[in-house]
Each structure stands twice: as structure tokens, then as C-alpha cells.
Amino acid sequence: MSCKESENLVHWLNNELKPDARMALEKHLAGCASCRQELAVTQQLWLELAAAPVPEPSDGIEKRFNAMMDGLTVEQEKRPFRESIAHALAGIFNNISRWQLGLHVVFLLLGAVLAWLVFDRNEHKSSQQDQIAFLSSEVNESRQIAVLSLLQNASATRRIQGVGYADKMENINGELIDALVNTLNNDPSVSVRLMTLETLARFTADAKVRTALVESINYQQSPLLLAAIADVMVRLKEKTSRDELKKMLEKKDLDTVVRQKLQQSIFKLT
Amino acid sequence: MLSETSHGNLDALTDNAIMIKIKEGNLDGMRLLFVRYNRPLYGFLFRMTNDRETSEDIVQEVFYRMLKSRHTFMGTGEFRTWMYHLSRNVLKDVIRKHKKAGHHFEMTAFEERIDSGAAADEKLLKQQEAAMVQEALGRLSPEFREVLILSRYQDLRYSEIAAILDITQGAVKVRVHRAIEQLKQIFLKTAY
């Protein structure tokens, strides 16, 4: 990270920038591939934070509060808090202990199975390798299903999460490529499209992806996306994209920074 | 005890207006504030401590202290700012006591945090991510963890966080930026 502007990326995601700072950053992003990449990373991280949900509190939390409120008088208020709720606590404690004990037993059994798998590995090495290969392909398949489902979600956050999963995959199949290209071209959120572009750019060994990226230039209205696609094209040395990029230059309302960016990209691809 | 009608009237009031009523002696107003805020407060505390029982204890203690020190609520700032400010003080006390006793908070099994209704494949992915995120958050320094939790999970504006932490908005911005950078480094080391 080298630009001073990158310090504002998280505040941009947090919607904590004043309008002028926001516009300045967006303009900078249109012309700076490194900051766009940094934005994608920060955004992904920001979303991943949401992946750690808080467990439900026990029923006791409400019971204890109600017990306190029900018993509240001026005199009781003066008494130590813990004393006033000791009775309620005692009732809850029994339930929690039994529940926790059950959980410990489950973990103990899981640990035993895991230990057996680990220590018995020499004898079953080859069959384990088969199992691992089978499991990895299963995980990959599960991931694909999850991504397809998330990309259909009405929430932009969930769609970005889906793209994030795809980004972690080693390879993607035709159905998933179609879904990602569709997201790149039609998703209402610029952030989702931007991240999808970065993900698809990882799979450009597949000719289908390369073609789709070139064709996608036509669909993009956002200066950020255009600049980012131009960068990807230069990175891939994809000369077939020149015509599409030139078509974009014909647009009169094109942002000046983006126009310069496209011109530079076309020059580099010539 | 409030009648249903009077509770209904309170329901439409802002947090600050309810707190003023509590200050005037209508203590049952705290029931409504509990309904509004026990989950967000518990969420904040759970993410700070990673301990369910401790978080529940502190929620209870915070509501108790808000009742006890209701006369100190001036109504000039937001109620929730006051509540988080107070909960930080209680949390500090609890951590100090645990340290003194040589305890440390145990990591709750992350599987428990997963919504049991989710599809199995998505659940697996969620479990892996939740574990990584929780681990990464746990490795942040407390002041960075706190500012990220307040802005990311508690939906608080920087101005509110500044009031809770007794620092300037500029300092909040710097802290959030540094926290996210530290988190990136942790993720790079653990996740990839």
C-alpha cells in the first residue's frame, strides 16, 4: 500500500467520509489500480467480520433481569446486586452444567476419532489420500453450490460473500463462470461488480472467461469498473479488447480520468 | 409495575425520553430499554470477551448500574453512548478481577454460534470463516478490537464512538484504520 488515500478506504466502506473527501477518493480509485485492489481486500475483510455471529444468550439473561426488576424496591436497591440475584443464578447454573457436560462428551468422542485417524495413518495412508481427495472435491462442490445460491441473494453483502467464496476456489466450472459473468455485467452494486471482476481475473486461463471479460466492457457504466477492466486487459495483454475499449472512448460523457486511463491502456495493448 | 397502556405509551418514546422517565422514578421504563438493548450490548461484550457467561453477567450488571446511577444521566448525549460507556467500565473491572484471580477467558466453541437452520454446506463454510474471524479478532490489541466491534457490529457512528471512548473523532478514524490494517496482517498469517 503506497497511496495516502488508502487510509480512507475503510472510512469509505463505513460511510464516514464527508462528500468532498468521498468524491476525491472515488476519483482517485478510478485511476489507481493498487488502491482498488486494496479496497477489494478491505471490503472482503469487512464482510468476513460479519461471518462470526454472536451466539444466542441463554434464557437466564432475561429471567435474571426480570427477577431484579420484580424485586426492585428502594431498600433492595441498596443491597449488593449479586445477593439479590443469587437465587435466579442457582437455578440457571444446573441447566448450563448439564448442557456443557454433554458438549464436553461430544468433543471427547470427536477427539478420540480424530486421534485414531491421525495415529493409524501409516496403515491406511493410501486410502486416506483417496478420502482426502474425495473430501476436497466434495468441499469444492459444496462451495460452488453455496456461491450460486449467494449470488442470487437480494442482499449485496451476501452476494459479495458469494464472490469471496468463489475467489478462494482453485477452479470454477461453466455454470459458475456464467453466474459470475452475469453478476459482473448486471449486478446493481458497483462493489459487487468490482469484486467479481477481480475474482474472474484469477481464472483467465479459461478462454471463456477471457472472452466474457472483453465483452463485459460494453456493459459497464461505472468509471471505476471501466478503469479496473482496462487494467485487467493490460495485465492479460488481451489485444482483442482494444476495439471494445475504443468504442467506450466514443462516449461523450466519459469521465476525464477514465478517458485517459482507457487511452493509456489501448496504447499499451497496441 | 406499568400497565399495558402506559407501557404502550413508553414504547413510542426515544431512549433518552424513557431514561428521563426512569430518572423521575418510573423505574419500569428500564424493561423497555432492556428489550431494546440487551442483545446489542450482549453482542458487544461477547465479541470483547468471547465468553458467554461473563457477557451475560456484565449485561445484568450494566442494567443494574444504569438504574443505580440514573441520576447521573443528563440527557445531553445519546442513551446508548452512555450505556456503552458504562459497560466498558464494568468490563474493565471484570477483566481486572479475572486477572487478579489468574483466570483467562475460554474460547467458546465456534460451532455454537452457527445458525442451526442454515444449509449444511453453507454451514460448513460459515463455521470455517467464523473460526478464522473470531481468532483474528481475538489477536487484535484490545483497543483495536473494541473500536472495530463498535463500528462494525454495533452500528455506531464515529461521533458516537468518540463519545464512548472519550477521544476525538479524528482519533477514532486513525484507530479504525490501524485496527483494520492489523487485522489484515493477522488474516494474512492465519488464513492463507
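Of all residues in segment B:50-61, those satisfying the criterion of being in a helix (DSSP H, G or I) and more than 10 Å from chain A (Cβ to nearest Cβ) are B:Thr54, B:Ile58.
Of the helices (runs of 4 or more DSSP H) contained entirely in segment B:92-192, those carrying at least 1 residues that are farther than 29 Å from A:Asn15 by Cα and either at pLDDT 90 or above or facing chain A (nearest Cβ under 9 Å) (or both) fall at B:120-139.
Being within 14 Å of another protein chain (Cβ to nearest Cβ), touching an Asp or Glu at 6+ places or on another chain (Cβ under 7 Å), within 23 Å of A:Asp70 (Cβ to Cβ) and in contact (Cβ under 8 Å) with a residue 24 or more places away in the chain is a description that does not apply to B:Leu41. Only one of (1) in contact with a Phe, Trp or Tyr (Cβ under 7 Å, 6 or more places away or on another chain); (2) within 13 Å of chain A (Cβ to nearest Cβ); (3) more than 18 Å from A:Gly71 (Cβ to Cβ) is not met by B:Tyr64, so which one is it? Among (1) in contact with a Phe, Trp or Tyr (Cβ under 7 Å, 6 or more places away or on another chain); (2) within 13 Å of chain A (Cβ to nearest Cβ); (3) more than 18 Å from A:Gly71 (Cβ to Cβ), the lone unmet condition for B:Tyr64 is (3). Scanning segment B:19-32 for residues that are surrounded by 21 or more Cβ atoms within 10 Å (Cβ to Cβ), within 27 Å of B:Arg152 (Cα to Cα) and either more than 10 Å from chain A (Cβ to nearest Cβ) or touching a Pro at 6+ places or on another chain (Cβ under 7 Å) (or both) yields a single hit, B:Met19.
For segment B:135-188, a tally of residues being among the charged types (D, E, K, R) and either within 22 Å of B:Tyr42 (Cβ to Cβ) or within 15 Å of the chain's Cα centre (by Cα) (or both) returns 8. A count restricted to segment B:50-77 and to residues that are in contact (Cβ under 8 Å) with a residue 60 or more places away in the chain and at positive phi stands at 1. Applying the criterion of at least 1 residues that are modelled with pLDDT of 90 or more and closer than 19 Å to B:Gln154 by Cα to the helices (runs of 4 or more DSSP H) found wholly in segment A:5-66 leaves A:9-13.
Would you say B:Arg80 is on the phi < 0 side of the Ramachandran plot, modelled with pLDDT of 70 or more and of a type in the set (Lys, Arg)? Answer is yes for this residue.
A quick yes/no check of all residues on (1) farther than 22 Å from B:Ala179 by Cα; (2) over 24 Å from the mean Cα position of the chain (by Cα); (3) more than 8 Å from every other protein chain (Cβ to nearest Cβ):
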residue: A:Ser6; (1), (2), (3): no, no, yes
residue: A:Leu9; (1), (2), (3): no, no, yes
residue: A:Gly31; (1), (2), (3): yes, no, yes
residue: A:Gln44; (1), (2), (3): no, no, yes
residue: A:Met68; (1), (2), (3): yes, yes, no
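You will find that of A:Leu213, A:Leu200, the residue that is closer than 21 Å to A:Glu48 by Cβ, over 14 Å from the mean Cα position of the chain (by Cα), crowded, with 19+ Cβ neighbours inside 10 Å and modelled with pLDDT of 80 or more is A:Leu200 and no other.
The values are calculated or read from the model by the stated rules, or taken from the named source; none is laboratory data. Treat the numbers as computed from the prediction; the structure is a model and nothing was measured. Because the Cβ atoms are built from the backbone with ideal geometry, glycine has one as well, and the counts that use them run over all protein chains shown.
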